[in-house]
There are 2 protein chains.
Amino acid sequence: MKAYQELSREELLALKAELGQAYEDAKGRGLSLDMSRGKPGETQLEIGMGFMDALNSQSGMKAENGVDVRNYGAPDGIPEARRLLADMMGVKPENVIMCGNGSLNVMYDTISRSMTQGVLGSTPWCRLDKVKFLCPAPGYDRHFAITEHFGIEMITVPMTPEGPDMDMVERLVSKDPSIKGIWCVPKYSNPQGYSYSDETVRRFAALEPAAADFRIFWDNAYAIHHLYDEEERQDSILEILSECERAGHPDLVYEFCSTSKVIFAGGGIGAVASSQANLEDIRRSMSIQTIGYDKVNQLRHVRYFKNFDGMKEHMKKHGALMRPKFETVLKALKDLEGLGIGEWTKPNGGYFVSFEAMEGCAKAIVDRCREAGVTLTGAGATFPYGKDPKDSNIRIAPSFPTKEELAMAADLFVLCVKLVSVEKLLETRHNSLSKTG
Amino acid sequence: MKAYQELSREELLALKAELGQAYEDAKGRGLSLDMSRGKPGETQLEIGMGFMDALNSQSGMKAENGVDVRNYGAPDGIPEARRLLADMMGVKPENVIMCGNGSLNVMYDTISRSMTQGVLGSTPWCRLDKVKFLCPAPGYDRHFAITEHFGIEMITVPMTPEGPDMDMVERLVSKDPSIKGIWCVPKYSNPQGYSYSDETVRRFAALEPAAADFRIFWDNAYAIHHLYDEEERQDSILEILSECERAGHPDLVYEFCSTSKVIFAGGGIGAVASSQANLEDIRRSMSIQTIGYDKVNQLRHVRYFKNFDGMKEHMKKHGALMRPKFETVLKALKDLEGLGIGEWTKPNGGYFVSFEAMEGCAKAIVDRCREAGVTLTGAGATFPYGKDPKDSNIRIAPSFPTKEELAMAADLFVLCVKLVSVEKLLETRHNSLSKTG
């Protein structure tokens, strides 16, 4: 297959006519599909329904330490739930505090607390003239929304398949005390599905920030969300808490995780893991904020999954449902190979495929898809302030539609990429001709 | 019975010896009882166990508007849950947003949001030199803890059986723009069990605060927590949202409630009710903070209670369990009648009895009780900064111990009140004699 860039103007015009006709046909099909968010699909929810039987009116309602989960008490959560989520993160249960029904809330609260209370005795961030965060991008739009909401200035750091550009991270945090944090999705990153290399994790742990209250926000959202059962096709990353401790920086990181994409989205449990000093700092606020989170749901998790092995078995079923969806998308994208108009990631897990279109094409592709009935994540969403400087990144979320719907949606996507790229190439040549002429 | 004040020094000394002996005997009994917190008792939790069967693996998991409660979406909560908690508060469902597993968290978040984001476009409170709150006292210690945590200066407003001293409230809020809010438990107040009179509610609705971002924090924690089935023994208060609207101040109030003390403490659902403008303001932050709260538990509530009538029926069972506990305490306290050493409330609902000891005696009574194995709420806790200026108020929480345990605890309490009062009277007379001599 010839790259589009090598086609003559006449060839491009013919292609444009052909693709335009196909696009009009596609519009006529009246699709209405949503590939915009990392939302679990119906079947993923169905295979978790046994969860609803894990507790009933005959169940014992005491945790293993004798705490009645129906009453107040045990603000850190019940021990068996702390153990379960500790295992998800590969940390010790005593480094875990159980929180509400998801991890986004925990991250928001962590920033909010830093704004009004400071971090381990530091000046509250809201009293500072300037607070900045590093934002590896493409990244997770909801992370960027939190920092923007609190008026924190966001600095984009390029992502690589090994993780964020660590030269840049090290340089910036070591010299600028107004940089207070960095957002990370270290495993099966959102949206690329990249997992940080051992070197990247070690360089994070070794950071020497100018700000004592700088923290790494380690959102381990996809810790156990593999697409494949074979171990060699499962990514693994170094455990950050112990790496930080080893590097002499035990308080450098907050780690977040939840079961929102293990059991039910919004019906799960979230947690934060950190050093004892950081946890004490968190408790100082949390003990004012709540009398404790939902321990009934904590117990339901433990009774259903039994232990981390049970959870991993459950996640194999998720993998079996997600795998064909990812493969459907990747199969459709194969049609773009060699055309020089796009590149994409082929992750081993997580919820997304990241697509890099030709510069200046992402918005137009997303618009075209929407017009024909397929909703994608808004172009630009994967960058701070919603602004992709190259207008090239598109996040594809294959989880929610059925495989059949996905096949249609992915074909349409490929068609739109081709059409928009041809139009772009024609426009560019026209412009350069005008300039020469 | 003669008042202690009328006893001679010799009579007081004899009484002190007798009470001292009885106290030593009580200590020998090795009690270990907790009357410190408004914690539901074991039987209250047991009668709610049907709740655990309200959803199982065979249940339909769609809300009435078709939303799958297992997935993301419906950030305001499912319609039937909004209706249920709206009915609890006597407001319209469209004025309600469903939140996390309790109302304390919602109140904390409301203050926290005001600190960093302001209120309906006002300057964020963290940017102001001084922010003050009015704190009717005796009041709820966890309210005061929130305002203290955010560095908000607390001004004590005396409580009366009709509600806070409204002359003082009106005077202060109308002239001081740094006063941004007031804490209220309008029905079966914590700790007195007072319910605000219609006039009090109307004067609240008619407030003309100097600060545009002043809000009433209306914690309707005990809206349906009656001790008696007879309607004439059930308190009722005016509905504040519609009163505020009628008075031309629709945005003046946030109302909070939860099912923590209806079903399981910590396993319930919370909500906030307010004007559309305030709700929009809340959503602006909430949509950043969370992808949505636990809708599975919302649906579980609706399937179990069916509707507000079902919830009221359930609360009659709570009343039947709480009533004998309150009566046990009140019966023991009767022994203090006419002695001039204490007064107490006789509420129709809620979770507490408020006891007013002789000035300067509360701390000593609580200490004596603790030494003999009965834990009460710390003296002073019912006042801002934990400082009761008269050292006289003690909160009694009868809900958690069994009736038998309560009888023992209440008897010990009465004994300690007598002993500490006698000692106080002897000390006072000694001091005044010394001064005279």
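The values are calculated or read from the model by the stated rules, or taken from the named source; none is laboratory data. These numbers come from a predicted model, not from an experiment. Neighbour counts run over all protein chains shown; Cβ positions are idealised from the backbone, glycine included.
Would you check if there is a residue in segment B:426-434 being outside the structural domain of B:Ile182 (by TED's automatic domain parsing), crowded, with 19+ Cβ neighbours inside 10 Å, in contact (Cβ under 8 Å) with a residue 24 or more places away in the chain and not charged (D, E, K, R)?
There is no residue in segment B:426-434 that is outside the structural domain of B:Ile182 (by TED's automatic domain parsing), crowded, with 19+ Cβ neighbours inside 10 Å, in contact (Cβ under 8 Å) with a residue 24 or more places away in the chain and not charged (D, E, K, R).
Determine which single condition A:Asn71 fails, assuming it passes every other condition in (1) within 30 Å of A:Thr377 (Cβ to Cβ); (2) touching a Leu at 6+ places or on another chain (Cβ under 7 Å); (3) within 12 Å of chain B (Cβ to nearest Cβ).
Single failed check for A:Asn71: (1).
Given B:Arg233, B:Arg215, which one is farther than 27 Å from B:Gln44 by Cβ and not assigned by TED's automatic domain parsing to the domain that holds B:Tyr351?
Only one candidate passes the filter, namely B:Arg215.
For segment B:42-62: of the residues being within 9 Å of another protein chain (Cβ to nearest Cβ) and in a loop (DSSP other than H, G, I, E, B), which is farthest from the chain's Cα centre (by Cα)?
B:Gln58
Would you please name the residue that is surrounded by the fewest Cβ atoms within 10 Å (Cβ to Cβ), looking only at residues in segment B:163-184 that are without any contact (Cβ under 8 Å) to a residue 40 or more places away in the chain and of a type in the set (A, V, I, L, M)?
Looking at residues that are without any contact (Cβ under 8 Å) to a residue 40 or more places away in the chain and of a type in the set (A, V, I, L, M), I get B:Met168.
Regarding segment B:273-290, can at least one residue be identified that is within 30 Å of A:Val106 (Cα to Cα) and assigned to a strand (DSSP E or B)?
yes
Select from segment B:93-128 the residues that are of a type in the set (D, E, K, R) and either crowded, with 21+ Cβ neighbours inside 10 Å or in contact (Cβ under 8 Å) with a residue 12 or more places away in the chain (or both) and list them in ascending order.
Those that are of a type in the set (D, E, K, R) and either crowded, with 21+ Cβ neighbours inside 10 Å or in contact (Cβ under 8 Å) with a residue 12 or more places away in the chain (or both): B:Glu94, B:Asp109, B:Arg113.
Restrict the check to segment A:18-40 and report whether at least one residue is under 22 Å from A:Gly310 (Cα atoms), at the interface with another protein chain (Cβ under 9 Å from one of its Cβ atoms) and assigned to a loop (DSSP other than H, G, I, E, B).
Within segment A:18-40 (the criterion being under 22 Å from A:Gly310 (Cα atoms), at the interface with another protein chain (Cβ under 9 Å from one of its Cβ atoms) and assigned to a loop (DSSP other than H, G, I, E, B)), the answer is yes, since at least one residue qualifies.
Of the numbered conditions (1) within 14 Å of chain B (Cβ to nearest Cβ); (2) farther than 26 Å from A:Ile224 by Cα, A:Lys132 satisfies every one except a single condition; which is it?
If we test A:Lys132 against (1) within 14 Å of chain B (Cβ to nearest Cβ); (2) farther than 26 Å from A:Ile224 by Cα, just (1) comes out false.
How many residues, within segment B:236-265, are within 24 Å of B:Pro161 (Cβ to Cβ), within 18 Å of the chain's Cα centre (by Cα) and buried (at least 22 other Cβ atoms within 10 Å of the Cβ)?
Adding up the residues that qualify gives 6.
Determine if segment A:376-395 includes at least one residue that is in contact with a Pro (Cβ under 7 Å, 6 or more places away or on another chain) and of a type in the set (D, E, K, R).
yes
Kindly establish whether B:Glu170 is among the acidic types (Asp, Glu) and more than 14 Å from chain A (Cβ to nearest Cβ).
So B:Glu170 fits the description; yes.
Among the candidates B:Gly139, B:Gly121, which residue alone is within 20 Å of A:Thr290 (Cβ to Cβ) and away from chain A (no Cβ under 14 Å)?
Only one candidate passes the filter, namely B:Gly139.
Find the residue count for segment B:81-116, including only residues that are among the hydrophobic types (A, V, I, L, M, F, W, C) and under 19 Å from B:Ser285 (Cβ atoms).
Residues flagged as among the hydrophobic types (A, V, I, L, M, F, W, C) and under 19 Å from B:Ser285 (Cβ atoms) within segment B:81-116 amount to 9.
So, in segment A:242-300, exactly how many residues are more than 30 Å from A:Ile47 (Cα to Cα), more than 10 Å from chain B (Cβ to nearest Cβ) and not charged (D, E, K, R)? Write out each step before concluding.
From segment A:242-300, those more than 30 Å from A:Ile47 (Cα to Cα) are A:242-254, A:274-291; that's our starting set.
Now drop any that are not more than 10 Å from chain B (Cβ to nearest Cβ), which leaves A:242-254, A:274-283.
Next cut, not charged (D, E, K, R) only: A:242, A:244, A:247-250, A:252-254, A:274-279, A:282.
The number of residues fulfilling the criteria is 16.
Restrict the check to segment B:313-328 and report whether at least one residue is surrounded by 17 or more Cβ atoms within 10 Å (Cβ to Cβ), within 14 Å of chain A (Cβ to nearest Cβ) and not in a helix (DSSP H, G or I).
no
Considering only segment A:35-43, I want to know if a residue exists there that is in contact with a Leu (Cβ under 7 Å, 6 or more places away or on another chain), of a type outside the set (Lys, Arg), assigned by TED's automatic domain parsing to the domain that holds A:Glu343 and within 30 Å of B:Val106 (Cα to Cα).
Taking every residue of segment A:35-43 in turn, at least one turns out to be in contact with a Leu (Cβ under 7 Å, 6 or more places away or on another chain), of a type outside the set (Lys, Arg), assigned by TED's automatic domain parsing to the domain that holds A:Glu343 and within 30 Å of B:Val106 (Cα to Cα).
Which residues, counting only those in segment A:333-377, are part of a loop (DSSP other than H, G, I, E, B) and more than 19 Å from A:Ala137 (Cα to Cα)?
A:Glu337, A:Gly338, A:Leu339, A:Gly340, A:Ile341, A:Asn348, A:Ala372, A:Gly373
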